[in-house]
Amino acid sequence: MTRRIVPDRCWGAVIDVQDFFLAQLENRALRTRIETNVLNFARLLAYFRIPMIATLERPVLRKGRVPQRLKKLGDMALLFEKDYFDLTREKKIADHLARLRRTQALVAGCETDVCVLQSCLGLIDLGHEVFVVEDLLFSSSRNVDAAIARLQAEGAVFLSYKTLFYELVAAVEGGRHAAKMIETYGPFPDDLPDAARR
């Protein structure tokens, strides 16, 4: 049975958001939206002191680093290169996750039907509760319904960015944006949207 999201148990993953994969998106507006929303996701996790990793699929020279618009991501997340579709098969990543001692994974990135799917399955095998932020996923494939169905059958929970936003707020202060929360984390950024822009 999946529990509520608890910030102290969470860590975040941004999987393979690289120029190579973003360039495969036909719609330029979609690419811009994905980049903006991934950065907002990172800022949201940073606000709640939730550790985050970002992966880069090798060869990085061909597939690219983090896009220029997402350079700030490197300040908020540890970057790891990977050779496997499943990030849990990379020893450096697996060791890092073991040291975190957190078992709720918040996942965004690409490709939904390849690296996101395989990584989520690997995390589930390791006993993590996996929460996939559906409006922060993308793929070069037009139809990823089978991958989403597979993940749901294996226990991954899909949620929207807006749902994640409010669940984190509720977890910290019972759903209220109260003085104690502001005292602990500082003022909530005015420019952090409460929903992914469609």
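The figures follow:
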quantity	calculated
Any chance L70 is farther than 21 Å from C120 by Cβ and either touching a His at 6+ places or on another chain (Cβ under 7 Å) or buried (at least 17 other Cβ atoms within 10 Å of the Cβ) (or both)	yes
Hey, R43 more than 13 Å from the chain's Cα centre (by Cα) and either in a loop (DSSP other than H, G, I, E, B) or touching a residue at least 24 places away in the same chain (Cβ under 8 Å) (or both) or not	no
Those residues of the range 21-40 which are assigned to a helix (DSSP H, G or I) and surrounded by 15 or more Cβ atoms within 10 Å (Cβ to Cβ), in sequence order	F21, L22, R31, R33, I34, E35, T36, N37, V38, L39, N40
Residue pairs meeting the criteria (Cβ under 9 Å; at least 6 apart or on separate chains; first within 14 Å of P59 (Cα to Cα) and modelled with pLDDT of 85 or more, in the range 16-37; second of a type in the set (A, V, I, L, M, F, W, C) and surrounded by fewer than 18 Cβ atoms within 10 Å (Cβ to Cβ))	Q18/V60
Residues located in the range 138-166, provided they are assigned to a helix (DSSP H, G or I) and either surrounded by fewer than 11 Cβ atoms within 10 Å (Cβ to Cβ) or at pLDDT 90 or above (or both)	D145, A146, A147, I148, A149, R150, L151, Q152, A153, E154, L164
Breaking point among (1) in contact with a strand residue (DSSP E or B) (Cβ under 8 Å, 6 or more places away or on another chain); (2) closer than 16 Å to Y161 by Cβ; (3) among the polar types (S, T, N, Q), for T36	(1)
Where a residue in the range 104-127 is farther than 9 Å from A156 by Cβ and its partner, wherever it lies, is aromatic (F, W, Y), with Cβ under 6 Å and at least six apart	L106/F131; A108/F41; C110/F21; C110/F138; V114/F85; C115/F85; Q118/F85
Every residue from the range 69-80 that is at pLDDT below 80, of a type outside the set (K, R) and closer than 11 Å to E35 by Cβ	L73
Residues being of a type in the set (D, E, K, R), assigned to a loop (DSSP other than H, G, I, E, B) and closer than 19 Å to A54 by Cβ - total across the range 1-20	1
Single unsatisfied condition, E81 versus (1) assigned to a strand (DSSP E or B); (2) within 15 Å of the chain's Cα centre (by Cα); (3) surrounded by fewer than 16 Cβ atoms within 10 Å (Cβ to Cβ)	(2)
Among residues of the range 98-118, those that are surrounded by 17 or more Cβ atoms within 10 Å (Cβ to Cβ) and either more than 20 Å from K63 (Cβ to Cβ) or touching a strand residue (DSSP E or B) at 6+ places or on another chain (Cβ under 6 Å) (or both), counted	12
Residue match in the range 55-65 (condition: closer than 21 Å to F165 by Cα, within 14 Å of the chain's Cα centre (by Cα) and surrounded by 20 or more Cβ atoms within 10 Å (Cβ to Cβ))	no
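The values are calculated or read from the model by the stated rules, or taken from the named source; none is laboratory data. Computed from a prediction, not measured in an experiment: that's the story for all the values here. Here Cβ is always computed from backbone atoms with ideal geometry, including for glycine, and neighbour counts include all displayed protein chains.
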